[in-house]
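Colleague: Pasting a structure here, questions to come.
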Amino acid sequence: MAKKISVLFFLLLLISAAYGNSKNVELNQDDVELDYFPVVVKTIPVDFTISIQDSLKRSNLEGSYVDVLVNGEKQELPVAKGQIKISKKIRDKTQLTIQIDNAEFREDINPIPLWMSILPPLLAILMALLFKEVFTALFTGLLLGTSIIHFYQGGNILLSIGRGILSIVDTYIINALSDKGHLSIIVFSLLIGGMVNIITRNGGMRGVVNRLSVYASNARNGQLVTWFLGLLIFFDDYANTLVVGNTMRPVTDKLKISRQKLAYIVDSTAAPIASIAFITTWIGAELSYISNGIQTIGLEQTPYSVFFNSLAYSFYPIFALIFILFIVVKRRDYGPMLKAERKARHRQPSEADDERMGFSNKLNELRAMDGIKHKSFNAVIPVLVIIVGAFAGLIYTGIETTGWSEQMSFTKNISNVIGHADSYQALLWSSLAGILTAIVLTLIQKLMSLEDTVSSMINGFRTMLTAIVILVLAWSIAEVTQHMHTANFISQILLDMNMTPYWVPTLTFIMAALVAFSTGSSWGTMAILYPLILPASWLICQENGLDHQASLSIFYNVVSTVLAGSVLGDHCSPISDTTILSSLASSCNHIAHVRTQLPYALTVGVVAIVFGTLPAAYGISSLILFPVGIGVLFLVVHVFGRNVWKSPGS
């Protein structure tokens, strides 16, 4: 018996010696695989992952450290979940050699210069503004980006262009359509389009027009009603854009307000109000980024209190909302918007104009069915179902995620719940409920047959195709800029500048605007810049000897300017999804919308910097700066604006 035990013990020792001691486990070529993202950019760290395929060796090496040679340089790296991760910056064309035991990998890598990352979005934006044709602009920018990527992966120019064309379809467009959030926006837009078509055909929209005509008796009042509705739907910018634009378009058409002006009011109320309100779909992301920032610097404040204090520096969003009011009340416009408004006032926009302008969802073609009464509740009820349903969906999904805290006040609970809600799910539920409500109301009143109702819904879906194609191309080029690290290029330029802490908020505002303009995403800009800027701004303040209160003031200012600059860049960018949706909902030519909105957005942006962000960093109270900035905006409208009804020569 003792002999058998001894033999068994000896065998166990052999097994332990062979496999149990991680230092004696050798990895061969067949045991491991190397993986890394093929788009390599200079100065940007590349993550190489070595995956151990042999299950027994993977188990024995788990949690231990192994020696890896990277271009002859020895690194001791941990094994976690069967993987060894190596991070390395590739600065020049090189053959990278990675050795681990008996396994060796050789990779020829030619990194893309970081400055080239700005070329794809820059080309798309310039072509869109110069040629006024967004499809070709986006496709060309996308092709330039994919061609650059393939050229640096190896191949001549012609081969790279060919591969670039193919990867637009098989990689970037497919990726854009595979994203749950993107698909949610597409489905939400389709459902909204279907609902709007139904409530137009059943006479509901005509009833709304007739009702609102009592209050919107002229162009000024019509624009005021649009502005007020934009403030009312404060909890989500997508819902705001699509609901307000589609609801008010027939009213503004009747009052001879240009589609460009409608798109501007819709676009410039949606994101600003959603970005500063306490209970919105934005608040969760904002608080999350702020939380990570204050944890990094060790600031003893809650994310919510930081957000609340930063509102004192939210100059651009607030100025943007007030600027619209001045433009509308004073009946004055300037720049391309003045030309568009005068054209609309002196003759009703025709369908031919829409075709010539090249972007329309064609809902203006629709008319109510003959022989039916125009009842406003057939449109109001479905729209209210969407608004109330979206809010209820946010509450429901938020409570499912984070619960309801007895220790927090009602307002903070609501804000916390909505901040953690699934906004896409809420919008999908509410838009489905809205279109079903429109169908039921139509059928029970026998306004249309089931066949006509379904046909109207399908036609509504078709009206969204143009915008969806633009959205998909915009999302695709946004992914190219992400792969090429466009945001890092812009950020590094500004961060490398040796600046005084008092200029940090202003440069942050400009940086956020440039990144959002180039990528077309305010949310993406926040995700990129908040982790980068918040610790950096605090560090700059400390290194320059600022006391705690002065540092805190600049920190609050920076928190606000990342958000404000993101919104400004979004307003100016033709590849922004909210800008595209505003054009869609208003049935406005997309490039015409961008061209007419750009001077107004830049005006407010300059005033926000000069009379808000910059002096606030030097300690001037917001109680002084807000009235001064508002006064300056009033003077701008008064001095540069011209009466829309007057002819150019009068």
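Colleague: Looking at the range 304-315, I want the residues that are more than 21 Å from PHE611 (Cα to Cα) and have a partner that is open to solvent by 40 Å² or more (accessible area, probe 1.4 Å) with Cβ atoms under 8 Å, at least 6 apart or on another chain. Which pairs are those?
Modeller: Every condition considered, the pairs that remain are TYR304/LYS412.
Colleague: Any residue that is touching a helix residue (DSSP H, G or I) at 6+ places or on another chain (Cβ under 6 Å), under 16 Å from ALA616 (Cβ atoms) and open to solvent by less than 10 Å² (accessible area, probe 1.4 Å) - is there at least one of those in the range 590-599?
Modeller: no
Colleague: Going through the range 535-555 one residue at a time, which ones are closer than 25 Å to ALA516 by Cα, of a type in the set (Ser, Thr, Tyr) and surrounded by fewer than 24 Cβ atoms within 10 Å (Cβ to Cβ)?
Modeller: To start, the set of residues in the range 535-555 that are closer than 25 Å to ALA516 by Cα comprises 535-540, 553-555.
Cutting the leftovers down to of a type in the set (Ser, Thr, Tyr) gives us 537, 553.
Answer for the range 535-555, where residues must be closer than 25 Å to ALA516 by Cα, of a type in the set (Ser, Thr, Tyr) and surrounded by fewer than 24 Cβ atoms within 10 Å (Cβ to Cβ): just SER553.
Colleague: Quick check: anything in the range 421-430 under 29 Å from ILE387 (Cβ atoms) and free of Cβ contacts under 8 Å to residues at least 24 places away in the same chain?
Modeller: Step one: of the range 421-430, the residues under 29 Å from ILE387 (Cβ atoms) are 421-430.
Filter once more, keeping what is free of Cβ contacts under 8 Å to residues at least 24 places away in the same chain: none.
Within the range 421-430 (the criterion being under 29 Å from ILE387 (Cβ atoms) and free of Cβ contacts under 8 Å to residues at least 24 places away in the same chain), the answer is no, since none of the residues qualifies.
Colleague: Give the number of residues within the range 97-107 that are among the polar types (S, T, N, Q) and either at pLDDT below 85 or surrounded by fewer than 16 Cβ atoms within 10 Å (Cβ to Cβ) (or both).
Modeller: 2
Colleague: Turning to a different aspect of this structure: Condition test on ALA176, is it among the hydrophobic types (A, V, I, L, M, F, W, C), under 25 Å from the mean Cα position of the chain (by Cα), assigned to a helix (DSSP H, G or I) and farther than 22 Å from ILE386 by Cα?
Modeller: On the way: among the hydrophobic types (A, V, I, L, M, F, W, C): yes; under 25 Å from the mean Cα position of the chain (by Cα): yes; assigned to a helix (DSSP H, G or I): yes; farther than 22 Å from ILE386 by Cα: yes.
Yes.
Colleague: Collect the residues in the range 326-341 that are part of a helix (DSSP H, G or I) and crowded, with 19+ Cβ neighbours inside 10 Å, keeping them in residue-number order. Full working, then the answer.
Modeller: Within the range 326-341, the first condition is being part of a helix (DSSP H, G or I), and the residues that meet it are 326-329, 336-341.
Across the range 326-341, the qualifying residues are ILE327, VAL328, MET337, LEU338, ALA340, GLU341.
Colleague: Which residues, taken from the range 38-58, are assigned to a loop (DSSP other than H, G, I, E, B) and touching a residue at least 40 places away in the same chain (Cβ under 8 Å)?
Modeller: Residues of the range 38-58 that are assigned to a loop (DSSP other than H, G, I, E, B), as a first pass: 38-40, 42-44, 53-54.
Result: PRO38, VAL39, VAL40, LYS42, THR43, ILE44.
Colleague: Let me ask something else. Does the range 562-569 contain at least one residue that is at pLDDT below 95 and surrounded by fewer than 24 Cβ atoms within 10 Å (Cβ to Cβ)? Spell out how you get there, then give the answer.
Modeller: As a first pass, look at the range 562-569 and keep what is at pLDDT below 95: 562-569.
Filter once more, keeping what is surrounded by fewer than 24 Cβ atoms within 10 Å (Cβ to Cβ): none.
Within the range 562-569, not a single residue is at pLDDT below 95 and surrounded by fewer than 24 Cβ atoms within 10 Å (Cβ to Cβ).
Colleague: Now for a different question. List pairs: first in the range 396-416 and under 16 Å from SER305 (Cα atoms), second open to solvent by 100 Å² or more (accessible area, probe 1.4 Å) and not hydroxyl-bearing (Ser, Thr, Tyr), Cβ under 7 Å, 6+ apart or cross-chain?
Modeller: If the second residue must be open to solvent by 100 Å² or more (accessible area, probe 1.4 Å) and not hydroxyl-bearing (Ser, Thr, Tyr), the pairs left are ASN413/TRP404.
Colleague: Any idea which residue in the range 223-256 is most open to solvent (accessible area, probe 1.4 Å), counting only those that are outside any helix (DSSP H, G or I) and modelled with pLDDT of 85 or more? Before you say what the answer is, go through the steps one by one.
Modeller: Our first condition is that a residue be outside any helix (DSSP H, G or I); within the range 223-256, this holds for 233-236, 255-256.
Next cut, modelled with pLDDT of 85 or more only: 255-256.
Values: LEU255: 28, LYS256: 72 Å².
So, considering only residues that are outside any helix (DSSP H, G or I) and modelled with pLDDT of 85 or more, the one most open to solvent (accessible area, probe 1.4 Å) is LYS256.
Colleague: Looking only at the range 59-73, count every residue that is within 30 Å of GLN492 (Cα to Cα) and either open to solvent by 80 Å² or more (accessible area, probe 1.4 Å) or assigned to a helix (DSSP H, G or I) (or both) and tell me the total.
Modeller: 1
Colleague: Go over the candidates THR171, THR146, THR94 one by one and state the one that is open to solvent by less than 30 Å² (accessible area, probe 1.4 Å) and either touching a residue at least 40 places away in the same chain (Cβ under 8 Å) or of a type in the set (Ser, Thr, Tyr) (or both).
Modeller: Values: THR171 fails: open to solvent by less than 30 Å² (accessible area, probe 1.4 Å); THR94 fails: open to solvent by less than 30 Å² (accessible area, probe 1.4 Å).
That would be THR146, the only listed residue that is open to solvent by less than 30 Å² (accessible area, probe 1.4 Å) and either touching a residue at least 40 places away in the same chain (Cβ under 8 Å) or of a type in the set (Ser, Thr, Tyr) (or both).
The values are calculated or read from the model by the stated rules, or taken from the named source; none is laboratory data. These figures come from a predicted structure and were not determined experimentally. With ideal geometry, Cβ positions are generated from the backbone for all residues, glycine too; neighbour counts draw on all protein chains shown. All accessible areas refer to the heavy atoms of the entire protein, side chains included, with ligands and DNA or RNA removed. Shrake-Rupley method; radii C 1.70, N 1.55, O 1.52, S 1.80 Å.
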